[in-house]
């Protein structure tokens, strides 16, 4: 089975300004390497050979910097957006590049120690069983800037409500049919799609307790840079 993953890289990065006034957020560096390259290299080590990257803000810079992916041992194809289409809208537009099997998606503006090698077995299980969940989410402990969390996790299933809410990490595995109702090119958020599937008990998940950071501000970028350089 060919494992495919999409890296979401179309966001404007308003909270990162002025750094993103001339550079797209995925190309900002930490530890001497662009944020998106950390993802590409780790996905490649985990067995992903076909990657799709969407872009909007300074997207041409991303294509020039990464090329066809061959230097990383992967094939990269791009899904340009005239304006950012939100998460689900971006994924829906890229479906022709992602194929008809389940695929992984990673937010381009996070950093974590999650082992992407955990994802291929999930992809295989979802492909083999039509009754398997429509999505699988990796959840993390709530960071200080998002104390309320997003979703609950109980017995391997993710729900919209619960005693303890965790934060969605930006790492997930999805069936393409989850996005089938979205008209290509229209803006659409991911959360409403997930909540509908949660109500039907069709969203699986796991709790990752290792290092995870939403690299959303210059201060957090500096924090990550210091962490990586001290290794």
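The values are calculated or read from the model by the stated rules, or taken from the named source; none is laboratory data. Source: prediction; values computed, not measured. Positions of Cβ are backbone-derived with ideal geometry, glycine not excepted, and every protein chain shown enters the neighbour counts.
For region 151-172, the set of residues classified as without any contact (Cβ under 8 Å) to a residue 12 or more places away in the chain and either closer than 23 Å to residue 109 by Cα or touching a strand residue (DSSP E or B) at 6+ places or on another chain (Cβ under 9 Å) (or both) consists of 161, 162, 163, listed by residue number.
Say whether the condition of being loosely packed, with under 14 Cβ neighbours inside 10 Å, at pLDDT below 95, farther than 30 Å from residue 82 by Cα and out of contact with any strand residue (DSSP E or B) (no Cβ under 8 Å at 6 or more places or on another chain) is met by at least one residue in region 137-150. Yes - at least one qualifying residue is present in region 137-150. Total residues in region 82-104 satisfying the condition of being at pLDDT 95 or above, surrounded by fewer than 23 Cβ atoms within 10 Å (Cβ to Cβ) and not in a helix (DSSP H, G or I): the figure is 1. Taking the criterion of being surrounded by fewer than 20 Cβ atoms within 10 Å (Cβ to Cβ) and in a loop (DSSP other than H, G, I, E, B), the residues of region 1-19 that qualify are 1, 2, 12, 17, 18. Going residue by residue through region 35-57, is there one that turns out to be over 15 Å from the mean Cα position of the chain (by Cα), part of a helix (DSSP H, G or I), surrounded by fewer than 16 Cβ atoms within 10 Å (Cβ to Cβ) and without any contact (Cβ under 8 Å) to a residue 24 or more places away in the chain? Checked region 35-57: no residue is over 15 Å from the mean Cα position of the chain (by Cα), part of a helix (DSSP H, G or I), surrounded by fewer than 16 Cβ atoms within 10 Å (Cβ to Cβ) and without any contact (Cβ under 8 Å) to a residue 24 or more places away in the chain. The set of residues in region 70-81 being touching a strand residue (DSSP E or B) at 6+ places or on another chain (Cβ under 9 Å) and either part of a loop (DSSP other than H, G, I, E, B) or farther than 16 Å from residue 106 by Cβ (or both) consists of 70, 74, 75, 80, 81. Each residue in region 195-226 was checked for being part of a helix (DSSP H, G or I) and either on the phi > 0 side of the Ramachandran plot or touching a residue at least 40 places away in the same chain (Cβ under 8 Å) (or both), and 6 of them qualify.
Residues that are more than 16 Å from residue 213 (Cβ to Cβ) and surrounded by 19 or more Cβ atoms within 10 Å (Cβ to Cβ) within region 24-34 comprise 24, 27, listed in sequence order. Within region 160-174, the set of residues being modelled with pLDDT of 95 or more and more than 16 Å from residue 97 (Cβ to Cβ) comprises 165, 166, 167, 168, 169, 170, 171, 172, 173. Scanning region 20-34 for residues that are out of contact with any helix residue (DSSP H, G or I) (no Cβ under 8 Å at 6 or more places or on another chain) and either closer than 24 Å to residue 88 by Cβ or assigned to a loop (DSSP other than H, G, I, E, B) (or both) turns up just one, 22. The residue of region 174-194 that is farthest from residue 146 (Cα to Cα), among those that are in a loop (DSSP other than H, G, I, E, B) and within 16 Å of the chain's Cα centre (by Cα), is 175.
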